[in-house]
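Asks: This is the structure I want to talk about, given as C-alpha cells.
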Amino acid sequence: MKTGLISVALIGLATSALAQDVFKLDAMKVFKPDDLVWRDNPNFPKGAQIARLVGDASKPEMFINRSKFPPNYKVPPHTHPVSEVVTVISGGLWHAMGENCGAEKGELLKPAAIFALPAKHAHCVWTTDQETIVQIQGIGPMGITYTNPDDDPRKK
C-alpha cells in the first residue's frame, strides 16, 4: 500500500513538472486590446489576422493567440494536430463539425462562449456581418490540415 501511494505521489509530481515546462513566463505580462500587434495569418484564407500573446504555437509549449476574422469570412473544414480551446472575445463566430460542415449545421457562438476541440477533429468556422475576435489556447506544436487540399491558402 505504501509503495502504491509513493508511486502515485511521484507520478503527480512528474506531471506537475511537465505541465510547468510547457508554460514558461519570464515576467508578468498584461495584454491590452489596443496594444496587440496584428499580422496576416498565412495559415487561413486571406483576411484573417493573428496576434501572438503567450508562447509559440509552433513549439511544444503552451500558447495563447488571438485571431481576427473580417465580416463574411470562412475557414473551410480543417483539423489541428493538437487540442484547442477557443473563446469568442467579440463579434459572433459560427462553427460546425465534420469534414463537410456548412451553415445548415452551424451554431452561433457569442462573446464569452468557449468551445474545446480534441486533436484531429474536423470543423469549420465563419463570420456573418461583423468582425470577430477569438482567443485560441493549446499546447503546441499547432498546425492546420484542410480537409480539401485545394482550400489550403499556403498552396496558392
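Asks: Which count do you get for residues in the range 49-63 that are surrounded by fewer than 18 Cβ atoms within 10 Å (Cβ to Cβ) and either closer than 14 Å to residue 125 by Cβ or of a type outside the set (S, T, N, Q) (or both)?
Replies: Looking only at that region, the number is 7.
Asks: Still on this structure, please answer the following. Pairs, please: C-beta under 9 Å, at least 6 apart or cross-chain, first residue within 12 Å of residue 67 (Cα to Cα) and acidic (Asp, Glu) and in the range 118-143, second modelled with pLDDT of 95 or more and in a loop (DSSP other than H, G, I, E, B)?
Replies: 131/70; 131/71; 131/73; 131/91
Asks: Which members of the range 34-87 meet the condition of being of a type in the set (Val, Ile, Thr) and either without any contact (Cβ under 8 Å) to a residue 60 or more places away in the chain or part of a strand (DSSP E or B) (or both)?
Replies: Across the range 34-87, the qualifying residues are 37, 50, 54, 64, 75, 79, 85, 86, 87.
Asks: Tell me, please, whether a residue that is surrounded by 11 or more Cβ atoms within 10 Å (Cβ to Cβ), under 21 Å from residue 148 (Cβ atoms), modelled with pLDDT of 95 or more and out of contact with any Gly (no Cβ under 6 Å at 6 or more places or on another chain) can be found in the range 19-41.
Replies: yes
Asks: Ok, one more. Would it be correct to say that residue 111 is part of a loop (DSSP other than H, G, I, E, B), more than 11 Å from residue 77 (Cβ to Cβ) and over 12 Å from the mean Cα position of the chain (by Cα)?
Replies: Yes: the conditions hold for residue 111.
The values are calculated or read from the model by the stated rules, or taken from the named source; none is laboratory data. Source: prediction; values computed, not measured. Here the Cβ is made from the backbone with ideal geometry for all residues, glycine too, and neighbour counts use every protein chain on show.
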